[in-house]
Amino acid sequence: MDIVSLAIAWLVTSVSFFIISKLPIGVDIDSFGKAMVSAAVFGLLNALVRPIFLLFTFPALLITFGLFMIVINAAIFGLAAWLVEGFRLRWGIWSALLGAVALGFINSLGVADSRYESTFRLKLQNSPDLAYSHWEILNSYLY
């Protein structure tokens, strides 16, 4: 993942956190700046703590066919709220569960998948007679 994709994902996650704070699910974030810090902490926790959680909860993940990931995401969401001042969960674990589900849903709507771009580039390389204007439109939309 290059730096531009990382910055876009961070910004989209920040906006997602800010949107979640406006929903009546018990997640409070003071400002957009706190949402940006929360998104950065959440991303770091996902990179550092999530693999450890996955290792220890592997049997539960197998038994529940992966549904236990919601609990892992809620734990990381709650840990981020505990670490960031100005990011609060009104109803404890229930707010963390609802916030994690809402974050996953909102991010699935808002994040431009970088795999799509690489697939599109591969198709353009394999078929050079595709209209160049489609690539220009996609490129102007993404950047």
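With kT/(6 pi eta Rh) evaluated at 20 °C and eta = 1.002 mPa s, and Rh the Kirkwood radius from Cα pairs, region 56-108 diffuses with a coefficient of 184 µm²/s according to Stokes-Einstein. Principal axis extents of the Cα atoms in region 1-92, from largest to smallest and rounded to whole angstrom, are 39, 37, 20. What the phi angles of region 44-55 give under the Karplus curve with 6.51, -1.76 and 1.60, with θ = phi - 60°, is a coupling list of 5, 5, 4, 6, 9, 8, 4, x, 5, 4, 5, 5 Hz, glycine and proline written as x.
Only the coordinates and a few stated rules stand behind these numbers; no lab work does. Just so it is clear, the model here is predicted, and its values are computed rather than measured.
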